[in-house]
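Here, each number is a calculation from the coordinates, and none is a lab measurement. Note that the structure is a prediction, hence the values are computed from the model and not measured. Reconstructed Cβ throughout: ideal geometry from the backbone, glycine too, with neighbour counts over all protein chains shown.
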Amino acid sequence: MIVTKNQSMQDIQTLISNNFNLFGENRVQEAKLKYENLSERKSLNLHMIGPLQTNKVKLALKTFDTIQTIDRISLVDEVSKILSKSISRTKEYYIQVNIGSENQKSGIPIKDLLNLYHYSLEKKLNIVGLMCIPPNIEDPSKYFQKLINIRDEVDKNLKLSMGMSNDYKHALKLNSNIIRIGSLIFT
């Protein structure tokens, strides 16, 4: 996945013209401005990879194909409420796990994951994967392996979104389904 946060439309158009179609954005409004009127929008797969505030859920559901940052009951409730009233572009969801138990990072605490997973399914969210951002250390492999182990306990069919520009090699070795790359592409 190419993370296009803070990137120009010219750069995004160049990527699209070179047949890239999987993109990630951190902010709802920025994604809407960039992608809403693109003629190629139907062929693109746009993921929300930043924290999602409940007051931005309606716009997010109109903008993103996938939301990777489901991390609390109140967010699931808001998504469910809006889905019951309107049509959504979003068809798939990932639960973000705070894999390193870091206070400054978003994500559901590991101990609460199973409850959120089942609650999300009850509310008819199509949970297809788990996402994490490990602590910024030299070798995050133990955190990636921890997410794999958690996934295997919850549902072995869930996809994994783990790895970014600074740790993608570790994620590749552990067969991550999605690696979120931005700065390596746009340097």
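The table for this structure:
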read-out	value
Complete set of residues in the range 144-175 that are crowded, with 21+ Cβ neighbours inside 10 Å and of a type in the set (Ser, Thr, Tyr)	SER161
Top-ranked residue of the range 137-187 - restricted to ones that are of a type in the set (Gly, Ala, Ser) and within 24 Å of ILE12 (Cβ to Cβ), ranked as farthest from the chain's Cα centre (by Cα)	SER183
Residue selected from the range 155-184 under the condition touching a Lys or Arg at 6+ places or on another chain (Cβ under 7 Å) and assigned to a loop (DSSP other than H, G, I, E, B), by the criterion farthest from ASN115 (Cα to Cα)	GLY182
Matching residues, the range 149-172, being out of contact with any helix residue (DSSP H, G or I) (no Cβ under 7 Å at 6 or more places or on another chain) and within 23 Å of PHE23 (Cα to Cα)	ASN157, LYS159, SER161, MET164, SER165, ASN166, ASP167, TYR168, LYS169, LEU172
Total residues in the range 16-47, condition of a type outside the set (Ser, Thr, Tyr), touching a residue at least 24 places away in the same chain (Cβ under 8 Å) and not in a loop (DSSP other than H, G, I, E, B)	13
Residues that are among the β-branched types (Val, Ile, Thr), surrounded by 12 or more Cβ atoms within 10 Å (Cβ to Cβ) and part of a loop (DSSP other than H, G, I, E, B), drawn from the range 72-128	THR90, ILE99
